[in-house]
Amino acid sequence: MSRNHPPTQSEAQTRRARLMLPLLCLALLLSVAASLVVGRYSIGIPQLVSTLGSLPELVGRIAEAGGVDSVAMSNEERVLFMMRMPRILGALLIGGALAVAGAAFQGMFRNPMVSPDLLGASAGAGFGAACAMLFAAPVAVITGSAFLMGLVAVTLTYLISLSVGRGTPGITVLVLAGVVIGALFQSCTSITKLVADPYSQLPGITFFLMGGLSSVTWRSVLVLAAPISVGVTTLYLLRWRINLLALKDDEAQSLGLNTNRIRGVVIVLATLITAVSVAVGGLIAWVGLVIPHFMRMLVGPDHRWLLPASFLGGAAYLVLMDNIARGLFAMEIPIGILTALVGAPVFIMLLLRYKGGWD
């Protein structure tokens with residue numbers, strides 16, 4: 001065999017994926033670095049470097065004082081450590097989680113048109129979070145309610161598609177079922193807004209549903225970190241099984257895979273990380289559709305590479321969108337509006353590309 005034989009497609013995709021992951025890490029680092037200086041309060045590079053250098057000393061002062069409220073900070077320290085850094089980490093976690101959830105759903109249903117938004121997970125989670133906010137529930141209850149209703153929405157979508165498709169969840173039926181279930185939960189959310197107090201509750205619910213990261217704090221980051229870490233890590237551990245779901249069910253089962261069990265686990269995990277993202281950041285649409293699709297173009301369909309690439313790409317994308325949301329105009333734009341402005345044209349492009357040949 002010639003030593004200069006051309007690589008197979010799999011080998012070429014693997015080499016490309018190994019090249020793309022470091023580049024995505026670099027893109028994420030650059031997005032984070034830009035986020036540290038972007039905002040209404042200008043922080044120059046020298047100020048940024050000196051303020052970051054004071055972080056160990058600030059942590060020591062906070063530890064001695066027993067809390068943040070008892071520590072005097074400069075304007076740069078307060079803006080950087082108490083406002084921008086938790087917000088950046090929140091955007092990173094939420095963007096990565098939504099992209100990984102979208103990649104998992106797309107791999108499970110064998111089509112890049114599927115996303116948490118189209119399956120009703122985001123609408124269901126938004127309804128659950130809005131209901132909990134209506135009763136002034138704590139953050140843990142809001143997260144749990146968002147997860148429960150998001151799981152209900154995805155389960156209903158899947159069961160309807162199975163029933164209509166006679167045991168086979170065709171993508172066209174699946175998308176239509178997701179649109180119907182999403183509309184149902186959006187109507188329920190509208191009822192929640194209707195009965196909310198117009199002065200004390202309605203503004204908060206309305207801005208929450210638009211999606212935004214302005215209220216993210218260190219406590220919000222802690223709420224996000226544990227479930228997203230568990231969900232994303234477990235999905236990555238299941239990467240080989242998600243790859244096998246790309247086969248027909250009888251072929252996957254002949255290899256020893258319990259397809260129904262794996263689908264159930266993937267649905268629960270993807271809905272969990274979607275729900276906790278919605279509970280903290282509101283409805284940030286289209287990330288789970290746009291990012292996995294482009295990452296698949298870059299690294300291929302193998303979930304060994306697609307899942308980490310989706311996390312890095314989703315994190316960098318949402319950090320960048322948040323920079324635009326808080327830096328483009330004097331008034332901050334809800335980030336859900338920006339992601340929809342980008343995602344909707346991409347969805348139209350996908351519709352034109354597949355032209356009904358999704359099944």
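The values are calculated or read from the model by the stated rules, or taken from the named source; none is laboratory data. Computed from a predicted structure; not experimentally measured. Note that we place each Cβ from the backbone using ideal geometry, even for glycine, and neighbour counts take in every protein chain shown. In case anyone asks, the SASA skips ligands and DNA or RNA and just uses the protein heavy atoms, side chains included. Shrake-Rupley method; radii C 1.70, N 1.55, O 1.52, S 1.80 Å.
For this structure, a couple of remarks:
- Contour excess over end-to-end distance, with Cα ends at Met210 and Thr234 and 0.36 nm allotted per residue: 5.7 nm
- Crossing angle, helix 259-281 versus the chain [Cα axis fit, 0-90 degrees, rounded to tens]: 20 degrees
- Net length gained if the chain between Ala65 and Thr172 were fully extended (0.36 nm per residue, minus Cα distance): 32.6 nm
- Element breakdown for the chain at a 1.4 angstrom probe: carbon and sulfur atoms account for 68% of the accessible area.
- A full extension of the chain between Arg78 and Arg219 corresponds to an added length of 49.2 nm, given 0.36 nm per residue minus the alpha carbon distance.
- Rounded to 10°, Cα long-axis angle of helix 287-299 versus longest principal axis of the chain: 70 degrees
- Semi-axes of the equivalent ellipsoid for the chain, computed as √(5λ) from the eigenvalues of its C-alpha gyration tensor and ordered from largest down, come to 35, 27, 18 Å.
- C-alpha long axis of helix 171-195 to longest principal axis of the chain, angle in °: 30 degrees
- Helical contribution to [θ] at 222 nm, DSSP H n ≥ 4, -39,500 (n - 2.57), averaged over the chain, rounded to 500: -24500 deg cm²/dmol
- Among Ser229, Ser310, Ser277, the largest mean-square fluctuation in a Gaussian network model of the chain (Cα springs under 10 Å) belongs to Ser229.
- Value of relative contact order over the chain, rounded to a whole percent, pairs C-alpha under 8 Å and six or more apart: 30 percent
- Normalised per residue, the accessible area of the chain is 48 Å², obtained with a 1.4 Å probe and no contribution from ligands, DNA or RNA.
- Peptides 243-250, 31-38, 147-154 ordered by average Cβ neighbours within 10 Å, highest first: 147-154, 31-38, 243-250
- Accessible surface for Trp218 stands near 100 Å², nearest 10, in the context of the full protein assembly shown (1.4 Å probe).
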